[in-house]
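Below: one structure, written as structure tokens.
The values are calculated or read from the model by the stated rules, or taken from the named source; none is laboratory data. These figures come from a predicted structure and were not determined experimentally. All Cβ positions, glycine included, derive from the backbone under ideal geometry; neighbour counts span all protein chains shown.
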Number of protein chains: 2
Amino acid sequence: MKPETDARTDTRKKILDLAEVLMLSRGFNAFSYQHISGELGVRNAAIHYHFPKKTDLGVALIERYRRRFARYVAAQAELSPPLQLERYFTLADTYYDKQQICPSGILSAELHTLPPEMRQCTASFVEEMRAWAIEIVRRGQASGAMRYVGTPEGMGTIVFAAMQGSLQLARLDGSALDEVKQQIRLLLGMTQA
Amino acid sequence: MKPETDARTDTRKKILDLAEVLMLSRGFNAFSYQHISGELGVRNAAIHYHFPKKTDLGVALIERYRRRFARYVAAQAELSPPLQLERYFTLADTYYDKQQICPSGILSAELHTLPPEMRQCTASFVEEMRAWAIEIVRRGQASGAMRYVGTPEGMGTIVFAAMQGSLQLARLDGSALDEVKQQIRLLLGMTQA
DNA sequence: GACACCTTACTGACCAGTAAGTAGAGTCGC
DNA sequence: GCGACTCTACTTACTGGTCAGTAAGGTGTC
């Protein structure tokens with residue numbers, strides 16, 4: 001065992017986990033180090049030890065998201081495009097159940113108030129997610145499992161944008177998310193309407 | 001002339017106008033009375049005179065939006081559905097040019113940090129916008145100018161969600177908005193692809 | 001004794017909100 | 001046609017709370 005490494009990793013990870021929940025439900029600007037330290041049973045300065053500036057915490061949060069997302073994409077690379085899309089839908093349901101929105105949604109909404117370092121990696125993160133959505137519908141079209149008008153770029157982008165938007169709308173009207181998911185299936189020719 | 005009424009209306013309106021710009025670019029939580037009073041050349045307490053609590057300002061902002069939206073809808077009720085949709089696209093372009101996002105986007109993203117009174121009228125506002133999007137595609141389908149799979153509810157909701165999402169994404173990648181607009185036209189059968 | 005991982009104790013900035021006072025313009029009695 | 005009153009639309013001056021961030025010290029482990 002490596003207790004000191006474990007302790008470091010442990011507290012650091014707990015901070016990130018709590019910050020993530022807070023960011024996805026309240027936004028980056030609307031949570032403070034107090035929210036985290038209070039929940040964690042440590043002092044405010046303990047958070048500053050691991051993440052000197054709040055910007056550092058924000059960047060770490062996004063970078064962790066990017067790594068997680070890359071693993072997520074790689075892990076189900078061999079799945080069929082329609083199945084990948086359904087997994088994406090399930091992920092959105094998970095956010096909805098926790099009354100959260102997706103990271104790209106909150107980050108792009110708050111963009112103008114974020115420190116430059118965070119804007120930078122947000123841009124990379126969002127670009128990766130959009131590229132992934134495009135790739136799904138491109139492969140879906142190539143395999144014949146999906147049929148739609150327009151380009152994979154157009155269709156992938158609208159799927160991504162609609163999912164981000166509907167997750168936000170679902171906070172006000174729970175039916176929005178299901179409605180959009182079903183409509184996407186129809187637009188991709190994945191069901192017999 | 002009624003000078004006293006003019007003065008009242010004038011400052012009050014200027015406050016609302018500035019608050020609107022600030023909310024659509026930074027979010028409701030990320031602007032302060034200082035931002036407004038500084039720009040306006042008055043003291044902080046002057047804003048509090050017109051809007052005692054920030055919540056009052058927020059509610060007034062949303063209610064004004066609802067009235068404006070109702071007029072907007074009424075004013076172009078006789079236009080053809082495809083033309084109404086194009087007007088909607090133009091409106092989105094206006095937001096994009098100003099580096100803003102749509103009110104429903106910022107309000108639903110920040111929802112959990114908003115005072116209850118604001119959540120209430122946000123819900124009404126978003127419901128009205130969504131209903132309007134549904135109505136456009138419903139009438140478009142009925143007139144034969146739009147053809148699509150699924151229900152008007154599904155299609156209207158996805159159009160609304162996708163526009164909201166793409167306006168946010170467009171802050172990071174300017175092509176997202178145009179891509180989504182074009183894809184919506186295709187999905188509604190409004191162009192010959 | 002060096003280092004990781006905290007603590008206590010603090011600073012200065014900003015925030016919404018309030019209380020009390022004031023300038024000016026309109027109104028009314030006379 | 002002039003003083004007294006009133007109301008609107010502010011001002012100055014302040015409070016208490018929250019915020020990110022820092023400095024210096026302590027404690028346990030290798």
Quick check on my filter: what residues within the range A:160-174 are at the interface with another protein chain (Cβ under 8 Å from one of its Cβ atoms), surrounded by fewer than 20 Cβ atoms within 10 Å (Cβ to Cβ) and not charged (D, E, K, R)? A:Leu172
Pick out the one residue from A:Met190, A:Met146 that is more than 7 Å from chain B (Cβ to nearest Cβ), in contact with a helix residue (DSSP H, G or I) (Cβ under 8 Å, 6 or more places away or on another chain) and at pLDDT 95 or above. A:Met146
Across the range B:38-55, the tally of residues that are near DNA strand C (Cβ under 9 Å from one of its atoms), of a type outside the set (A, V, I, L, M) and surrounded by 15 or more Cβ atoms within 10 Å (Cβ to Cβ) stands at 4
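Any chance the range A:71-80 includes a residue that's of a type outside the set (S, T, N, Q) and under 18 Å from A:Leu18 (Cα atoms)? Lay out the reasoning, then the answer.
So in the range A:71-80, the residues of a type outside the set (S, T, N, Q) come out as A:71-75, A:77-79.
Add one more test, that the residue is under 18 Å from A:Leu18 (Cα atoms), and what stays is none.
No, there is no match, as no residue in the range A:71-80 is of a type outside the set (S, T, N, Q) and under 18 Å from A:Leu18 (Cα atoms).
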Among (1) away from DNA strand D (no atom under 15 Å from the Cβ); (2) under 23 Å from B:Thr122 (Cβ atoms), there is one condition B:Leu79 misses while meeting the rest; what is its number? (2)
Any hit, the range B:87-95, residues being farther than 20 Å from B:Gln168 by Cα and exposed (fewer than 15 other Cβ atoms within 10 Å of the Cβ): no
Picked from the range B:120-133 (must be buried (at least 16 other Cβ atoms within 10 Å of the Cβ) and within 10 Å of another protein chain (Cβ to nearest Cβ)), the residue farthest from B:Glu63 (Cα to Cα) is B:Arg130
What number of residues within the range A:93-122 satisfy the criterion of being over 13 Å from the mean Cα position of the chain (by Cα) and of a type in the set (S, T, N, Q)? 3
Residues located in the range B:16-56, provided they are in contact with a helix residue (DSSP H, G or I) (Cβ under 9 Å, 6 or more places away or on another chain) and on the phi > 0 side of the Ramachandran plot: B:Gly27
Only one of (1) touching a residue at least 12 places away in the same chain (Cβ under 8 Å); (2) buried (at least 16 other Cβ atoms within 10 Å of the Cβ); (3) more than 24 Å from B:Leu107 (Cβ to Cβ) is not met by A:Glu117, so which one is it? (2)
Answer with yes or no whether B:Ser32 is within 14 Å of chain A (Cβ to nearest Cβ), in contact with a Lys or Arg (Cβ under 9 Å, 6 or more places away or on another chain) and within 16 Å of DNA strand D (Cβ to nearest atom). yes
Pull up the range A:46-56, narrow it to residues that are within 8 Å of DNA strand D (Cβ to nearest atom) and over 20 Å from the mean Cα position of the chain (by Cα), then point me to the one that is farthest from the other protein chains (Cβ to nearest Cβ). A:Tyr49
In the range A:138-148, is there at least one residue being closer than 17 Å to B:Tyr148 by Cβ and free of Cβ contacts under 8 Å to residues at least 60 places away in the same chain? yes
Hey, A:Leu40 more than 9 Å from DNA strand D (Cβ to nearest atom) and either touching a strand residue (DSSP E or B) at 6+ places or on another chain (Cβ under 8 Å) or farther than 15 Å from A:Ile101 by Cα (or both) or not: yes
Is it the case, given these coordinates, that A:Ile136 is among the β-branched types (Val, Ile, Thr) and facing another protein chain (nearest Cβ under 7 Å)? no
Could you check, for the range B:83-99, whether at least one of its residues is facing chain A (nearest Cβ under 9 Å) and either over 25 Å from A:Ile101 (Cα atoms) or of a type outside the set (Lys, Arg) (or both)? yes
Taking the stated definitions as given, is A:Val59 surrounded by 16 or more Cβ atoms within 10 Å (Cβ to Cβ), in contact (Cβ under 8 Å) with a residue 60 or more places away in the chain, touching a helix residue (DSSP H, G or I) at 6+ places or on another chain (Cβ under 9 Å) and more than 14 Å from every other protein chain (Cβ to nearest Cβ)? yes
Taking the criterion of being more than 9 Å from chain A (Cβ to nearest Cβ), under 23 Å from A:Met129 (Cα atoms), in contact with a helix residue (DSSP H, G or I) (Cβ under 7 Å, 6 or more places away or on another chain) and of a type in the set (A, V, I, L, M), would at least one residue in the range B:149-159 satisfy it? no
